[in-house]
Amino acid sequence: MIGFCMGGSFALMAAGSGIFDAASANYGQLPEDMDQALAGACPIVASYGGRDRPLKGAAARLDSALDRLGVVHDVKEYPQAGHSFLTDEQFGPRLLHPLYRVAGFGPVPEASVDAWLRIEAFFDTHLKHTTKA
């Protein structure tokens, strides 16, 4: 499972359900009670932007909780990135693009490439592979 923003929050909440083999949470809010929500979670790869003000410190808190819980994980914060850094191009009305840049929203190609490579490698490692007979 993979989620971005609110979907990243849902990915974290569902990771402990026992249904999924791996989860990718990208700039998602952390569960209030991480120990309860993430106990027994599937492997998690997560990416956060260091310039994402509402999620300041989220990567470090998530990494610490997953370490404490013994959940396999790869959590990384990209210092130069803000929210929605995995997008390919600036979103929303053109008039608002300068505001988004000042607020730190939008694409950061270097961080995006690295995050996607981490996600793909993590899923390749942790998802069950089936072969056709």
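The values are calculated or read from the model by the stated rules, or taken from the named source; none is laboratory data. These figures come from a predicted structure and were not determined experimentally. Positions of Cβ are generated from backbone atoms using ideal geometry, with glycine treated the same way; all protein chains shown enter the neighbour counts. Accessible surface is based on the protein model in full, side chains and every heavy atom, while ligands, DNA and RNA are left aside. Shrake-Rupley method; radii C 1.70, N 1.55, O 1.52, S 1.80 Å.
Asp33 to Ile2: FRET efficiency via 1/(1 + (r/R0)^6), r the Cβ-Cβ distance, R0 22 Å, to the nearest 0.05?
Numbers: r = 23 Å, r/R0 = 1.05.
Working from the Cβ atoms, E equals 0.45.
Roll a 1.4 Å probe over the protein heavy atoms and report the accessible area of Cys5 in Å², nearest 10.
Its heavy atoms expose roughly 60 Å² to the probe.
Of all the accessible heavy-atom surface of region 1-77, with the other protein chains kept in place and a 1.4 Å probe, what percent is carbon and sulfur?
Numbers: 1950 of 3590 Å².
Within region 1-77, the accessible surface is 54 percent carbon and sulfur.
Roughly how many Å² is the accessible area per residue of region 1-49, as a whole number, for a 1.4 Å probe?
Working: 2010 Å² over 49 residues.
Counting only protein heavy atoms, the per-residue value for region 1-49 is 41 Å².
Order these peptides, 58-66, 20-28, 33-41, by their mean beta-carbon neighbour count within 10 angstrom, highest first. Provide the component values of the computation, followed by the final result.
Working: 58-66: 18.6, 20-28: 23.6, 33-41: 15.6.
My ranking of the peptides, most packed first, is 20-28, 58-66, 33-41.
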